[in-house]
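Data block below; observations after.
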Protein chains: 2
Amino acid sequence: MIESKLLFEDQTHEDDINGLYDALLQEASGGNVGYYDLPEVNDVENIKAFCAEYDFEKRGIKNIAVLGIGGSSLGTKAIDALLEHGDNRNDINLLYFENVDPNEIVQNFKNLIFEETFFIVISKSGGTIETTSHLKFILLTFNISLESDAFKEHFVFITDENSPLDKFGEDFGVKRFYIPLNVGGRFSVFTAVGLLPLHILGYDIAKLMEGAGVLKESFFARNEDTLCKKAYFYATKAEEIPINVLFSYSTAFKYFNDWYVQLWGESLGKVNIDGTKVGLTPIGIIGSVDQHSFLQLIIEGAGDKSVTMIKVKKFENDILIPDISLPYLEKNDFINNHSFTELINAQCDATMQSIIDQNISVDTIEIEKLDEKSAGYMIFYYELLTSLVGNLLRVNTYDQPGVELGKVILKKKFEA
Amino acid sequence: MIESKLLFEDQTHEDDINGLYDALLQEASGGNVGYYDLPEVNDVENIKAFCAEYDFEKRGIKNIAVLGIGGSSLGTKAIDALLEHGDNRNDINLLYFENVDPNEIVQNFKNLIFEETFFIVISKSGGTIETTSHLKFILLTFNISLESDAFKEHFVFITDENSPLDKFGEDFGVKRFYIPLNVGGRFSVFTAVGLLPLHILGYDIAKLMEGAGVLKESFFARNEDTLCKKAYFYATKAEEIPINVLFSYSTAFKYFNDWYVQLWGESLGKVNIDGTKVGLTPIGIIGSVDQHSFLQLIIEGAGDKSVTMIKVKKFENDILIPDISLPYLEKNDFINNHSFTELINAQCDATMQSIIDQNISVDTIEIEKLDEKSAGYMIFYYELLTSLVGNLLRVNTYDQPGVELGKVILKKKFEA
């Protein structure tokens with residue numbers, strides 16, 4: 001399904017690899033880090049039952065509006081973009097109330113009819129200021145009282161049990177799904193946070209979890225040395241190579257890149273247990289587009305980047321470049337009668353070769369086909385990789401203490 | 001209109017600043033770097049005349065399809081996203097044939113009616129393989145012969161004079177606009193590359209150029225010391241602070257970020273005249289969204305980043321956060337009755353303060369209002385800044401030799 005290869009020299013010993021397997025096994029069985037459990041213990045059946053009873057089609061729901069930011073939105077966006085070209089995606093429109101940019105909010109209300117919309121309010125803490133502000137604005141705009149049936153029937157909350165949002169929902173009879181307390185926001189896409197909207201959009205969420213499970217089983221059976229070696233390389237070279245570029249040859253990875261940037265940046269950018277500020281900077285780019293943008297910097301820049309090339313071997317649509325010879329442009333005819341899939345993948349290979357020629361560390365991930373199973377695998381792959389690197393960098397991979405001060409300052413500004 | 005401030009300690013002497021003004025003046029008057037001339041010498045009038053005669057409305061044109069990649073698409077995307085919430089934008093749909101991802105191409109054809117579409121084919125070299133492949137596919141799909149009136153009437157080419165695309169267009173009577181030979185692709189948004197689609201979309205392109213002209217005049221009158229000081233800081237600290245983050249507090253900057261990443265990365269990631277690989281890595285993020293993603297890495301990470309905060313003081317839509325108190329969520333009521341504009345800008349200030357507290361170098365750009373004039377100013381601001389830094393890093397800011405090898409390898413793969 002997915003093949004991963006390192007094209008740089010591995011410097012690990014068997015002990016290093018075993019140490020990493022041990023560390024993650026300990027973490028996974030310790031109970032503090034819950035995302036490891038999600039392939040088996042998840043809300044797939046609850047969500048299916050809820051949705052079957054709710055019956056979106058019968059109620060005429062045409063829009064899903066997700067109110068959420070950061071870990072509450074990026075995972076769903078990532079998976080929807082990976083899979084939207086497949087057969088399972090239905091016609092329901094997905095929109096996000098995410099930023100508090102007033103123009104974005106007003107734009108969201110264009111042609112938005114309340115009766116046709118199902119609102120999913122997501123906040124792990126239950127008190128995210130962007131999300132509660134959006135909720136208030138929606139309630140006012142559509143004139144929805146908290147006591148009304150409309151509120152109960154068109155809203156669902158996803159949050160931690162006993163959070164303010166949970167208690168609020170309980171008092172007014174709003175359906176809630178819970179994020180396990182030991183699953184952090186950026187690791188939460190396999191909770192209801194991602195699974196509920198993705199199921200409503202038509203995706204096979206059981207297959208998604210199956211894909212994650214395949215990798216989990218293989219990893220804990222100690223069959224994923226490549227992943228460990230890659231983590232070891234990134235962590236031990238963090239000072240020399242502080243930037244990790246994910247270079248995916250398909251537009252479908254656009255939001256996967258954003259999800260990766262949050263996961264990697266927020267998990268690994270930390271003061272470690274020795275009191276040292278560490279961190280690896282994630283960058284996500286798309287081929288072939290960014291051959292015309294970021295590639296020059298990779299090739300001739302300061303040598304401070306590793307590159308992971310992601311290639312999709314089969315696309316849903318296999319269209320050909322027509323056998324047309326345009327006058328004066330005959331030099332491009334070598335690609336005629338080849339498919340666009342061949343072109344984009346040959347561009348991936350050619351670019352990779354030109355990067356390797358500069359002695360830049362490259363690894364590859366080849367995906368047979370983008371579907372629920374491979375998407376689930378890819379998400380879990382990067383979650384495991386993040387945990388491995390975090391372990392080696394000796395940081396707390398799962399907190400985000402650096403962003404709290406800004407929230408305190410914000411509140412003071414309005415209280416002054 | 002726009003105010004720029006440095007919040008880090010400036011280390012320049014008067015001589016450094018004067019040297020930079022002199023260097024850019026020399027470059028601007030030397031004739032090899034043409035973008036400096038565009039505020040005065042441009043195609044605004046030609047484009048207006050062409051469009052008035054063509055009459056998009058009368059012909060029922062509902063879509064503009066831009067075939068172009070990199071410098072041929074990013075500038076237009078950037079400016080359209082900055083301004084689309086304003087009054088001037090009409091209802092014409094803008095779509096891009098950019099990546100050669102087959103799913104993206106098929107998606108573009110959904111509901112695309114040839115008679116309602118105007119195709120703008122953009123390639124500076126006139127032979128970009130992605131763009132010619134898209135062109136061939138469009139010709140075949142809509143069954144358009146090169147000799148037909150449909151081809152002449154629905155296509156325009158933007159390219160270098162005497163390029164293969166120019167000669168092809170000339171032979172078949174297709175209207176061409178030229179990119180001046182001394183204007184590089186990533187500096188070309190103020191040529192027809194950007195101005196033609198932006199004018200068709202309803203924007204006031206003369207005002208765009210006026211905004212660029214305001215900064216140009218001020219810079220060459222030696223009134224822009226801040227810009228020079230900022231460039232000096234970035235260039236002299238390139239090893240210690242190799243990553244420059246642009247943190248804009250409005251979703252409207254989404255594509256401006258991509259444009260900036262290309263401009264900065266491709267211009268400055270180079271082997272310099274001493275044979276040393278240099279480069280500064282650009283990263284574009286959006287507030288408040290990325291407070292929930294990348295901010296942790298800035299605050300607690302390795303200290304290898306500078307941050308530019310961009311704030312928009314007035315948004316078109318000034319909506320209020322309703323005075324609703326949600327049970328259990330009263331702690332967020334401090335923001336009630338304030339506008340979303342106040343919230344997003346207070347978040348910008350609070351985040352900035354929390355970054356400065358970590359001794360990270362910050363500068364700010366405050367924009368009174370997003371309109372054509374300020375957009376033109378911002379584009380020219382980053383072009384000048386790039387030229388200044390390139391001068392100090394002693395690279396050729398305007399070439400991109402690192403991406404040629406990949407193209408050669410690609411061709412060989414198909415010839416083998």
| message | Taking the conditions exactly as written (under 18 Å from residue B:219 (Cα atoms) and touching a helix residue (DSSP H, G or I) at 6+ places or on another chain (Cβ under 9 Å)), does residue B:30 satisfy them or not? | response | no
| field | Pick from the stretch A:219-269, criterion in contact with a Leu (Cβ under 8 Å, 6 or more places away or on another chain) and more than 28 Å from residue A:82 (Cβ to Cβ), ranking: farthest from the other protein chains (Cβ to nearest Cβ) | value | A:236
| task | Sort out which residues of the stretch B:324-360 are out of contact with any helix residue (DSSP H, G or I) (no Cβ under 8 Å at 6 or more places or on another chain) and not in a helix (DSSP H, G or I), and write them in order of number. | result | B:337, B:359
| remark: All conditions in (1) assigned to a strand (DSSP E or B); (2) in contact with a Phe, Trp or Tyr (Cβ under 7 Å, 6 or more places away or on another chain) are true of residue B:95 except (2)
| note | Of A:54, A:36, the only residue that is among the aromatic types (Phe, Trp, Tyr) and closer than 24 Å to residue A:184 by Cα is A:36
| field | Matching option when the condition is closer than 30 Å to residue B:145 by Cα and either within 20 Å of the chain's Cα centre (by Cα) or at pLDDT below 95 (or both), among A:342, A:266, A:316, A:368 | value | A:316
| What is the number of the single condition among (1) closer than 25 Å to residue A:298 by Cα; (2) over 24 Å from the mean Cα position of the chain (by Cα) that residue B:394 does not meet? | (2)
| note | A careful count of residues in the stretch B:95-116 that are in contact (Cβ under 8 Å) with a residue 40 or more places away in the chain and crowded, with 18+ Cβ neighbours inside 10 Å gives 2
| said: Could you check the stretch B:1-36 and list, in sequence order, the residues that are within 25 Å of residue B:195 (Cβ to Cβ), free of Cβ contacts under 8 Å to residues at least 60 places away in the same chain and either in contact with a Lys or Arg (Cβ under 6 Å, 6 or more places away or on another chain) or of a type outside the set (S, T, N, Q) (or both)? | reply: B:30
| field | Residue tally, condition within 7 Å of chain B (Cβ to nearest Cβ) and over 26 Å from residue A:7 (Cβ atoms), over the stretch A:323-365 | value | 8
| Within the group B:303, B:284, which residue is touching a strand residue (DSSP E or B) at 6+ places or on another chain (Cβ under 8 Å), within 9 Å of chain A (Cβ to nearest Cβ) and either part of a helix (DSSP H, G or I) or within 30 Å of residue A:260 (Cβ to Cβ) (or both)? | B:303
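The values are calculated or read from the model by the stated rules, or taken from the named source; none is laboratory data. The model shown is predicted, which means the values in this text are computed figures rather than measured ones. We place every Cβ from the backbone using ideal geometry, glycine too, and count neighbours over all the protein chains shown.
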